Amino acid sequence: MSRFSAENLTLAREIVSRYPRPKSAVIPLLHLAQEQEGWISEEAMREIAELVGVTPAEVRGTGTFYEMFHFEPIGRYLLNICGTMSCALMGAGELMHAAEEELGVRAGGTTDDGLITLHGAECQAACTEAPCLQVNYRYRFRVTPDGVRQLIADLRSGALSDEIPPHGTLATVRQHIPSDRAVGAVDPDVDTAPPAWIPVTVEGASS
Amino acid sequence: MTVETYPWAPGFVAGDRPRIVTSRFEHEDSHTLERYMATGGYEGLRAALAKPAAEVHEQVRGSTLLGRGGAGFPAGVKWGLTPEGVYPRYLVVNGDESEPGTYKDRLLMERDPHQLIEGCLIACYAAGLSRCFLYIRGEMALAQERVATALNEAYAAGLVGRDILGSGFGVDIVLHWGAGAYVVGEETALIESLEGNRGMPRLKPPFFPAAIGLYGKPTIVNNVETLSNLPFIAANGAEAYTAIGTETSPGTRMVAVSGHVRRPGVYEIVNGTTTFRDLLYGEEFCGGIRDGNELKAFVPGGGSAPWFLPDQLDLPFEGRQVGAAGSMLGSGAIMVMDSTTDIPAAALTLTRFYAHESCGKCVPCREGGTWLMRVLERVVAGEGTTDDLDLLLEVGQSICPGDMPHASSEALGLEATPFPYKMTTICFVGPSAYVPVHSALTLFRSEFEERVAPSRSRTRIPVVAVGGGQ
Ligand SMILES: Cc1cc2nc3c(=O)[nH]c(=O)nc-3n(C[C@H](O)[C@H](O)[C@H](O)COP(=O)(O)O)c2cc1C
Ligand code: SF4
Ligand code: FES
């Protein structure tokens, strides 16, 4: 089911070509697979392995290190409530409590309708705006327990479905490197001459 | 005195101070190429390209620009550590900002992505780096989007890629993002991650990334804020930069102050002279402790830093003096605790973070961090004994043997022990799990003692890390 779509396959090949060593594309391609399906299946990992020329086990080995990758389906919305120091000092515990109560699941769980997965999260680099949370990695700052309840109501009613894409989509703009402007991958084994703008000294060494 | 905030830059607070990296934040469209060009954008790059690369490198060396990622190493010196004649060399931009308390790189990427791109180009030109990978933290969707848009604009305008501005200098900037792992912010782990591996730090020395880095080649890893200073330096010269701040800490610095203050925020401050008292109490900064409460303690440099007391308020934000006083400036993040704070519980939020983020490569960090967390959890829950307090210090000693840095306290009759500590681990994640425990226990022991029961006459109960790694 989760073969890359034709469009994503083209994109995946373009991403691989940006790196001198294809394995560097494993994380970007896992993100692409998660964007397409909302989670990462065995089949997706097999396809990524083929695209970058490693074994599926290596793809899984890398992927499982990182918390953002999900190897089983999760909710359409991932609600991450920060619980690190600044947020904890400013009332993160109450936010989590309100969310658990409202959703009827504990942190780590997904609602029965598959809409929302609730997670405790670590510092989100918004500590001055504590307590804060992210829905599919979109921020909400200085949140109150009532604010959490309202947010959950809005997610349930679909009021935020335009603003917040389904789980898996991060940036909605992709980098595009035009081929007539690209320098190329810069192979560590091949491109060993000093770059054009670095003058070569008399002895042949460069600065 | 003016204090200004902008809805499009959440948390940022402007005042009557010199601004280098946040100079465009008052414009809602500061992230666009159009605004960037209208406000001196890419002038630094033009000035740099008009000179030989070595001269630009000298200029940055002369500016004494210090790295903003945590270690405070001078950027110009780092660039000079690449082995002579070995190419290609790579630039890896560290946009993985995730140290507890730290909030500045994300703002710089969201609000002024072109400034960062220009900084990357100047660094590549000056240090002979042929390809740049810009690694943004996975959880920062908006920063990724802004940088992607800015890169697309810059490529279209001939500012990135082949033959930039007709100078013969050319470099690609490749946007890459992570997937959630704090330790990946450590530079060698960042490189591992960029190679498509699990983000575990490499043992260094002997080989630092400047010698053997990405794909085994010389690699410069610099922080987002560090690089964002380069356009100013290239356009205005090293002297304009060193005219701000002090000799050992020139320029400005972005500092996030969070926790129990009246106006938490991100401030661009004059480096080296602004004191913690200015920051916490000054009307142009945080305006005092919330609800008129007393200050109890503060973390001066991100979650990894030993804690300070009100005794240390008059220290300036300057690395050497803060080091001598028993802590570090780290990533420019202050977390403030007022008199209502439950100290053992506050320490637990940090210890849990580092225990959770251990990559598992070193035993003292993997096992010790989890032990510390579990024992502290027990103490906070009121189920600990006096023995547990000794156990915390004992486990800590296996991660950081010998004297631990800590602040002085007049009330406790404590002299400061200067930074740094010794460690048995590859990177700072292991020690960072212990630092909050040690600070809290050293400076607020009575709060722990109130919490625990006298040691029952039991032999020490071993703490078993159930379930292994996180
Ligand atoms: C556990 C750990 C996490 C780190 N996280 C970051 C980070 O998120 N961002 C960053 O720029 N530097 C981080 N650093 C510091 C980097 O290893 C490196 O020193 C820095 O990126 C170099 O850039 P600079 O010289 O411009 O400061 C971290 C270091 C350690 C040990
Ligand atoms: S100290 Fe911890 S995080 Fe760092 S390398 Fe060792 S086990 Fe990994
Ligand atoms: S502690 Fe919650 S964002 Fe930093």
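Observations
- Within region A:120-137, residues that are in a loop (DSSP other than H, G, I, E, B) sit with their Cβ atoms under 6 Å from residues that are open to solvent by less than 10 Å² (accessible area, probe 1.4 Å) and within 16 Å of ligand 2 (Cβ to nearest atom), at 6+ positions apart or across chains, in these pairs: A:GLU122/B:PHE353; A:CYS123/B:PRO100.
- Hey, B:ASN222 touching a Cys at 6+ places or on another chain (Cβ under 9 Å) and either of a type in the set (Lys, Arg) or away from chain A (no Cβ under 14 Å) (or both) or not: yes
- Looking only at region B:343-372, residues that are over 23 Å from B:VAL452 (Cβ atoms) and away from ligand 1 (no atom under 16 Å from the Cβ) come to 1 in all.
- Odd one out for B:VAL452 among (1) among the aliphatic types (A, V, I, L, M); (2) within 16 Å of ligand 2 (Cβ to nearest atom); (3) over 22 Å from B:GLY72 (Cα atoms): (2)
- Hey, B:ALA181 facing chain A (nearest Cβ under 9 Å), touching a Pro at 6+ places or on another chain (Cβ under 9 Å) and not polar (S, T, N, Q) or not: no
- With respect to the conditions (1) more than 14 Å from every other protein chain (Cβ to nearest Cβ); (2) more than 16 Å from ligand 2 (Cβ to nearest atom); (3) closer than 30 Å to B:GLY72 by Cα, B:VAL375 lacks only one, and its number is (3).
- All conditions in (1) open to solvent by 10 Å² or more (accessible area, probe 1.4 Å); (2) over 15 Å from B:ILE173 (Cβ atoms); (3) over 21 Å from the mean Cα position of the chain (by Cα) hold for B:THR149, with the sole exception of (2).
- Residue within region B:351-362 that is within 21 Å of the chain's Cα centre (by Cα), among the small types (Gly, Ala, Ser) and either closer than 24 Å to A:LEU89 by Cβ or in the same structural domain as B:VAL184 (by TED's automatic domain parsing) (or both) present: yes
Yes/no per residue for (1) open to solvent by less than 10 Å² (accessible area, probe 1.4 Å); (2) within 15 Å of ligand 1 (Cβ to nearest atom):
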site: B:GLU192; (1), (2): no, yes
site: B:GLY196; (1), (2): yes, no
site: B:ARG202; (1), (2): no, yes
site: B:PRO205; (1), (2): no, yes
site: B:ILE212; (1), (2): no, no
site: B:LYS217; (1), (2): no, no
site: B:PHE232; (1), (2): no, no
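- Checking each residue in region B:419-437 for being in contact with a Pro (Cβ under 6 Å, 6 or more places away or on another chain) and either within 16 Å of ligand 3 (Cβ to nearest atom) or touching a residue at least 24 places away in the same chain (Cβ under 8 Å) (or both) picks out B:PHE419, B:MET423, B:THR424, B:THR425, B:ILE426, B:CYS427, B:GLY430, B:VAL435.
- Residue among B:VAL86, B:VAL92, B:VAL56 that is within 12 Å of ligand 1 (Cβ to nearest atom) and among the β-branched types (Val, Ile, Thr): B:VAL92
- Counted residues, region B:38-54 - those being under 29 Å from the mean Cα position of the chain (by Cα) and open to solvent by 70 Å² or more (accessible area, probe 1.4 Å): 1
- Matching entry among B:GLY323, B:GLY301 (being modelled with pLDDT of 95 or more, in a helix (DSSP H, G or I) and under 29 Å from B:GLY251 (Cβ atoms)): B:GLY323
- Selection within region B:124-145 - more than 16 Å from ligand 3 (Cβ to nearest atom) and under 28 Å from A:ALA126 (Cα atoms): B:CYS132, B:PHE133, B:LEU134, B:TYR135, B:ILE136, B:GLN144, B:GLU145
- Test result for A:VAL54, assigned to a helix (DSSP H, G or I) and under 30 Å from A:ASP189 (Cα atoms): no
Residue by residue, here is whether (1) within 7 Å of chain B (Cβ to nearest Cβ); (2) surrounded by 16 or more Cβ atoms within 10 Å (Cβ to Cβ); (3) of a type in the set (Lys, Arg) holds:
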| position | (1), (2), (3) |
| --- | --- |
| A:ALA121 | no, yes, no |
| A:CYS132 | no, yes, no |
| A:PHE141 | yes, no, no |
| A:VAL190 | no, no, no |
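- Set B:TYR87, B:TYR125, B:TYR103: member being surrounded by fewer than 23 Cβ atoms within 10 Å (Cβ to Cβ) and either of a type in the set (Phe, Trp, Tyr) or in contact with a Cys (Cβ under 9 Å, 6 or more places away or on another chain) (or both): B:TYR87
- If the condition is being of a type in the set (Ser, Thr, Tyr) and within 14 Å of chain B (Cβ to nearest Cβ), then region A:60-119 contributes A:THR62, A:THR64, A:TYR66, A:TYR77, A:THR84, A:SER86.
- Summed over region A:176-187, the residues that are surrounded by fewer than 18 Cβ atoms within 10 Å (Cβ to Cβ) and either over 28 Å from B:ARG146 (Cβ atoms) or more than 7 Å from chain B (Cβ to nearest Cβ) (or both) give a count of 4.
- B:THR252 among the β-branched types (Val, Ile, Thr), under 17 Å from the mean Cα position of the chain (by Cα) and crowded, with 24+ Cβ neighbours inside 10 Å: yes
To keep it simple, each residue is scored yes or no on (1) touching a residue at least 24 places away in the same chain (Cβ under 8 Å); (2) at the interface with chain A (Cβ under 10 Å from one of its Cβ atoms); (3) not aliphatic (A, V, I, L, M).
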residue: B:GLY72; (1), (2), (3): yes, no, yes
residue: B:ALA75; (1), (2), (3): yes, no, no
residue: B:LYS78; (1), (2), (3): yes, no, yes
residue: B:LEU81; (1), (2), (3): yes, no, no
residue: B:TYR90; (1), (2), (3): yes, yes, yes
residue: B:ASP105; (1), (2), (3): yes, yes, yes
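- Residue match in region B:309-318 (condition: out of contact with any Ser or Thr (no Cβ under 9 Å at 6 or more places or on another chain) and either part of a helix (DSSP H, G or I) or without any contact (Cβ under 8 Å) to a residue 12 or more places away in the chain (or both)): yes
- Criterion violated by B:ARG146 - all others in (1) touching an Asp or Glu at 6+ places or on another chain (Cβ under 7 Å); (2) within 16 Å of ligand 2 (Cβ to nearest atom) satisfied: (2)
- Note on region B:326-347: residues that are assigned to a helix (DSSP H, G or I) and either touching a residue at least 40 places away in the same chain (Cβ under 8 Å) or away from chain A (no Cβ under 14 Å) (or both) total 4.
The values are calculated or read from the model by the stated rules, or taken from the named source; none is laboratory data. Not measured: the values here are computed from a predicted model. For neighbour counting, all protein chains shown are included, and Cβ atoms are generated from backbone atoms with ideal geometry for every residue, glycine included. Only protein heavy atoms, including side chains, enter the accessible area calculation; ligands, DNA and RNA are left aside. Shrake-Rupley method; radii C 1.70, N 1.55, O 1.52, S 1.80 Å.
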